[in-house]
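**Q** Starting off with a structure, shown below.
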Amino acid sequence: MTLLTLTPVNANVHSVHLPDGAHVGNLKRIGTVWKFKAVGYDTQGGVEPGGGPLTDRHNTEFTAPDAAEISAKLTT
């Protein structure tokens, strides 16, 4: 399992990164549910919402920003 890391942005958002530091999305609290929002980048570095290597996991729901749970659910 690849262990993803979370970096708090504010009380309702954590950025999600691969072990090499690459940003692959954000975990956003919407009401009482945390949702993974996938992010990719084009060749010029522009953001592609819903894209990137975890695009098939976009909108996966979580109960809390727990790196181990998120890694298990997003990378298996």
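The values are calculated or read from the model by the stated rules, or taken from the named source; none is laboratory data. Note that the structure is predicted; figures quoted are calculated from it, not measured. Quick note on the areas: whole protein, heavy atoms, side chains included, nothing else; ligands and nucleic acids left out. Shrake-Rupley method; radii C 1.70, N 1.55, O 1.52, S 1.80 Å.
**Q** If contacts are Cα pairs under 8 angstrom and at least 6 residues apart, what is the relative contact order of the chain in percent?
**A** Normalised by residue count, the contact order of the chain is 28 percent.
**Q** In addition: Kindly report the accessible area of the chain per residue (heavy atoms of protein chains, probe 1.4 Å, no ligands, DNA or RNA), in Å².
**A** Value returned for the chain: 57 Å² of accessible area per residue.
**Q** Return one quarter of the surface area of the convex hull spanned by the alpha-carbon atoms of the chain, equal to its mean projected area, in nm².
**A** Its Cα hull, projected and averaged over all orientations, spans 4.8 nm².
**Q** In terms of Cα to Cα distance under 20 Å, which aspartates and glutamates are near enough to Lys28, apart from those fewer than 8 places away along the same chain?
**A** Glu48, Asp56, Glu61, Asp66, Glu69
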